[in-house]
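Below: one structure, written as structure tokens.
The values are calculated or read from the model by the stated rules, or taken from the named source; none is laboratory data. None of these values were measured; they are calculated from a predicted model. Glycine gets a Cβ as well: all are built from the backbone with ideal geometry, and neighbour counts include every protein chain shown.
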Amino acid sequence: MPKVRGRSEVKAFIGKLPGEIERKLLRGAARAAAKVVAEEAQARSISDEVSAAVKVGRTKVEPGRVVVKVQVKGPGSYIAPWLEYGTAPHFISVDDRQRAGMSVRRINQKVREAGGDGSLVINGKFVGATVFHPGARPHPFLRPALDVKQGEAIAAAQTYINSRVSRRGIKPAEPESEDV
């Protein structure tokens, strides 16, 4: 009868595989896929500020899946929802709490004297106490980036996995950082 050696070592190796795959492989694959989508989102954005603020976030492990976010963070990020979804028509006025009893004209004067552009001055012309903004068309850039680059993102994840798996085992993942 043949004698089997190394059974406990094989069992221990197989027992560690799910954690190693998750930690060393799937998180990196998710980041590789997210980078493809983030680059496309940057290219699709009509604002340089928003493009510069598109980032790939850290990965996180949830039960049954690995999650990574392509997000807009930092300077310029406040513009992203307006670009993605547009804005409805609305009125713009100086908030009464900010006026300190001054007229809009006086506020504009003070702002200009301080080197600013003025509160309700458009193209150098005083427009009144309120102005009607007709709204802005949406210019989606995040969702279309995912829609267009989904296949390429999956291919990038597969390439990452293929480059890390060998007969010797799974190579360690690269350290995470928030970037594109």
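What's the number of the only condition in (1) under 27 Å from G169 (Cβ atoms); (2) modelled with pLDDT under 95 that A88 fails to meet?
A88 satisfies every listed condition except (1).
Condition check: without any contact (Cβ under 8 Å) to a residue 60 or more places away in the chain, buried (at least 16 other Cβ atoms within 10 Å of the Cβ) and outside the structural domain of E152 (by TED's automatic domain parsing). Does I92 satisfy that?
Numbers: without any contact (Cβ under 8 Å) to a residue 60 or more places away in the chain: yes; buried (at least 16 other Cβ atoms within 10 Å of the Cβ): no; outside the structural domain of E152 (by TED's automatic domain parsing): yes.
No, not satisfied.
Matching residues to (1) over 26 Å from A33 (Cα atoms); (2) at pLDDT 90 or above:
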| residue | (1), (2) |
| --- | --- |
| K110 | yes, no |
| I122 | yes, no |
| R137 | yes, yes |
| R168 | no, no |
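Quick grid of which residues meet (1) part of a helix (DSSP H, G or I); (2) in the same structural domain as D147 (by TED's automatic domain parsing); (3) crowded, with 17+ Cβ neighbours inside 10 Å:
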| position | (1), (2), (3) |
| --- | --- |
| P18 | yes, yes, no |
| E22 | yes, yes, no |
| L26 | yes, yes, yes |
| A29 | yes, yes, yes |
| G74 | no, yes, no |
